[in-house]
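Before any comments, here is the structure.
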């Protein structure tokens, strides 16, 4: 059975005031030690393939190793369903992973339509957080216009995506996977399924999911 790594850092203090004061001095005065003492709490993203599901706990095989994630009672689960490019229409709220082209437009490598309850989430245009050195960008925006085009022998649809503060034009080739996110349930979460998880990290390092998205087969 594959072992799941769980880093735990413990400080054992002495009962004497002298020992307590010495420990505080070391923590305040040494950044490396401070980094080992505990973990920052807050929002955490985990992406990878589910390796096991036990009750309310998932083990996700991420790039850094296996990660345990508890499914909170209020966790929202979504699934991705492949759709045709022709189904993209003005008014949809989408997320586009794309790279800028010499002519100033962007070419998409992935496009997903958010479920309606996600409208407005993460709105904007920015470098792709999961691969900031790749040159790819992520744009979450409203579809303003849709036009069937052929650019340098690449057929697809040119979308004008408008977000607060700007807009971009994105060419979506006909050969990339386009998906729609729908509300789902725990039945979608099985070993081998690719997921992206938004979770809250507690002071002890444990993760509790607030949102889980089961990725469509073949999604990037």
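Computed extension gain for residue 116 through residue 145, at 0.36 nm per residue and net of the alpha carbon distance, reaches 8.6 nm.
Taking a ≥ b ≥ c as the square roots of the Cα gyration tensor eigenvalues, with a/c under 1.5 meaning rounded and otherwise prolate when a/b beats b/c, else oblate, which class fits region 121-169? Oblate.
Remark: the Cα gyration tensor places region 138-195 in the oblate category, a/c being 1.5 or greater and a/b not exceeding b/c.
Each reported figure results from applying straightforward, stated rules to the coordinates on display, with no laboratory input. Owing to the predicted nature of the structure, the values given are computational and were not obtained by experimental measurement.
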